[in-house]
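Contents: one structure, followed by commentary.
Quick note: the coordinates plus some simple rules give every number you see, no bench work behind them. The shown structure was predicted, so the numbers you read here are calculated from the model rather than taken from an experiment. Neighbour counts run over all protein chains shown; Cβ positions are idealised from the backbone, glycine included.
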Amino acid sequence: MTHRSGFACFVGRPNAGKSTLTNALVGSKIAITSSKPQTTRHAIRGIVHRADAQLVIVDTPGLHRPRTVLGERLNDIVYSTWSEVDVVGFCVPADEKVGPGDRFIAGELRKIARRTPVVGIVTKTDLATRQRIADQLLALQEVMDFAELIPVSAVDGFQVKQLEDLLVARLPEGPQLYPDGDLTDEPEQTLVAELIREAALEGVRDELPHSIAVTVEEMQPREGRSDLLDVHALLYVERPSQKGIILGHKGERLRTVGSAARRHIEALLGTKVYLDLHVKVAKDWQRDPKQLRRLGF
């Protein structure tokens, strides 16, 4: 039996459903999701294992008009990723009209479409009527010439398997790239930091999500307790007023963030976790190249 292996990436404007779709294909939560735009800040790789193939999906940040150094670096991640993969999935949500941002991305994708097939994906079909989905497929057809066009819903599983088949069919023949059982090659500390950031994004004001960054300073089993992992993490914001929002009244909101994050971390790592979380101000870190490097960007 022929075995295929290779890389696919999902691109689209912020909040197009790329991370949720990645998780649905992998069958596990390896990319954080949020209703806030520009949640994804790294190229997260998720691995789909099949008897006949190994599909590595690279979830990328949303391509957008950058206003900060961080925004420029996130766009750079997108461009460098789609230049190296075997197939690109261009995601456009079913419940939002095709807009200038989508047309800009399509224009950029046309530059690589000769050498790399581009699959058009209408996401979030669970939020739209059949007529709306049909209209969106027609609108997307006019944006560029796709190798395939498919509507999907990561939430209810509609055509997720069919999308997987379309992507696998465009991979080159080759051996496994990762061992059986691996769902991602991201370091555990990176995944833990992302889960903390996901918890912190819930319920915050619109201007705050971009200002939140998380680093895991230490992560190790507690001495004498093999069943307990100590995680010490810092949550960064850009201004003292934002620190107050994250902390909440008498630290109540930070405790809620820590509790939610801890549950997800324990599910990810399969062990009990003690999470020590502190908030620090790193003034205008999104615009400061030195601070960006320190925070991993």
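For the chain, DSSP calls about 35 percent of its internal beta bridges antiparallel.
Just going by the charge dipole of the chain, with Lys and Arg at +1 and Asp and Glu at -1 on Cβ, which of VAL160, GLY27, LEU74 is farthest out on the positive end? Of the listed residues, the answer is LEU74. The shape of segment 4-169 comes out rounded: with a ≥ b ≥ c from the C-alpha gyration tensor, a/c is under 1.5.
For segment 188-294, a crude dipole built from +1 on the beta carbon of Lys and Arg and -1 on the beta carbon of Asp and Glu, taken about the Cα centre, is about 340 debye to the nearest 20. What's log10 of I(q)/I(0) for the chain at q = 0.08 Å⁻¹, Debye sum over Cα points only, no solvent? Those come out to -0.37, one per q.
Working ranking of peptides 239-251, 121-133 by packing, defined as the average number of other Cβ atoms within 10 Å per residue, highest first, is 121-133, 239-251. Here the gap between LYS250 and GLN189, fully extended at 0.36 nm per residue and compared with their Cα-Cα distance, gives a gain of 19.1 nm.
Nearest 20 debye, what's the magnitude of the dipole of segment 68-162 about its Cα centre given +1 on Lys and Arg Cβ and -1 on Asp and Glu Cβ?
Values: 11 positive and 14 negative charges, 28 e Å.
Result for segment 68-162 is approximately 140 debye, rounded to the nearest 20.
In whole percent, what relative contact order does segment 4-169 give with Cα contacts below 8 Å and a gap of six or more residues?
24
For LYS18, the lysines whose Cα comes closer than 28 Å to its Cα, not counting residues fewer than 8 places off in the same chain, are LYS29, LYS36, LYS97, LYS111, LYS124, LYS161.
Stretching the chain fully between HIS278 and SER28 yields a gain of 87.2 nm (0.36 nm per residue, less the alpha carbon separation).
Our estimate of slack between ALA169 and LYS290, defined as 0.36 nm per intervening residue step minus the Cα-Cα distance, is 39.3 nm.
Within the listed set VAL98, VAL26, VAL214, the Gaussian network model of the chain (springs between alpha-carbon atoms below 10 Å) gives the highest mean-square fluctuation for VAL98.
Extending 7 Å from the Cα toward the beta-carbon at both SER241 and ASP76 defines two label points whose distance is 3.1 nm. All other residues whose Cβ lies under 14 angstrom from that of LYS97 are scored, Lys and Arg at +1 and Asp and Glu at -1, for a net of -1. Of all DSSP bridge pairs formed entirely within segment 188-294, close to 45 percent run antiparallel.
Taking every C-alpha pair closer than 8 Å and separated by at least 6 residues, the mean separation divided by the residue count of segment 188-294 gives a relative contact order of 29 percent. The residue among TYR274, VAL214, GLY244 whose Cα reaches farthest toward the positive pole of the charge dipole of segment 188-294, with charges on the beta-carbon of Lys, Arg, Asp and Glu, is GLY244. In plain terms, if you count all Cα to Cα distances in segment 183-288 and split them into 10 Å steps from zero, the share in each step is 15, 47, 29, 8, 0 percent.
Our Cα-only numbers for segment 118-183 put the radius of gyration and Dmax at 14.5, 43 Å. Distance between the C-alpha centres of segment 78-143 and segment 261-292: 32 Å, rounded to the whole angstrom. Counting only residues at least eight positions apart within a chain, or on another chain, the lysines with an alpha carbon under 16 Å from that of LYS243 are LYS280, LYS283. FRET efficiency for the ASP52 to LEU127 pair, using the beta carbon distance and R₀ = 45 Å, is estimated at 0.85.
In percent, how large is the relative contact order of the chain, given Cα pairs closer than 8 Å and 6 or more residues apart? Worked out over the chain, it gives 18 percent. The label-point distance for SER83 and ARG263, in a model that sets each label 7 Å from Cα toward Cβ, rounds to 4.3 nm. With runs of 4+ DSSP H residues as the only contributors, calculate the mean residue ellipticity of the chain at 222 nm using -39,500 (n - 2.57) per run, divided by the residue total and rounded to the nearest 500. Helices in the chain give a 222 nm mean residue ellipticity of -10500 deg cm²/dmol.
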